[in-house]
Amino acid sequence: GDSGDPEMLKQQADQLWKFLDELAESDPDAYKAFIQKQAKNAADATPRVLPQPGLVLSTSRVTKPAISAESKGGVTSVKVF
């Protein structure tokens, strides 16, 4: 079958959850070790790249903000000031 088939993916996810549920019940230490290993692998696979700033916001505290909204060409803008 097609590996991107939604029904096939659902079946695989269901099988994984069933495996994890059974492992957690039958061998809690093995379950914990499995989850920790998966978390470490995911962390190791995550790139350590910091995003470049593209927008800088300045904030100040407003005790009673005023809110206005306007629509132009199907786009609604909301301003809080």
Item checked: Per residue accessible area in Å² of the chain, where ligands, DNA and RNA are left out and the probe is 1.4 Å -> 96 Å²
Margin query: Treating only the Cβ of Lys, Arg, Asp and Glu as charged (+1, +1, -1, -1), what charge dipole size does region 1-78 show about its Cα centre? Round to the nearest 20 debye.
Written below: 840 debye
Item checked: Apportionment of accessible area to carbon and sulfur, region 12-81, percent (1.4 Å) -> 58 percent
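Gain in length, Ala69 to Thr46, computed as 0.36 nm per residue apart minus the alpha-carbon separation, to one decimal in nm?
So the chain would gain 4.3 nm between Ala69 and Thr46.
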Checklist line | Relative contact order computed over the chain (Cα-Cα under 8 Å; 6+ residues apart), in percent | finding: 12 percent
Next item on the list: Can you tell me how much longer the chain between Asp14 and Asp29 gets when fully stretched, taken as 0.36 nm per residue apart minus their C-alpha distance, in nm with one decimal?
Entry: 3.2 nm
Margin query: Debye calculation, C-alpha points only, no solvent: report log10 I(q)/I(0) for the chain at q = 0.15, 0.16 Å⁻¹, in the same order as the q values.
Written below: -0.81, -0.83
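The values are calculated or read from the model by the stated rules, or taken from the named source; none is laboratory data. The structure presented is a predicted model; accordingly, all values stated were derived computationally and were not measured. So basically every Cβ, Gly included, is an ideal-geometry build from the backbone, and we count neighbours across all protein chains shown. The protein model used for the area step is the full one, side chains on, heavy atoms only, and it has no ligands, DNA or RNA in it. Shrake-Rupley method; radii C 1.70, N 1.55, O 1.52, S 1.80 Å.
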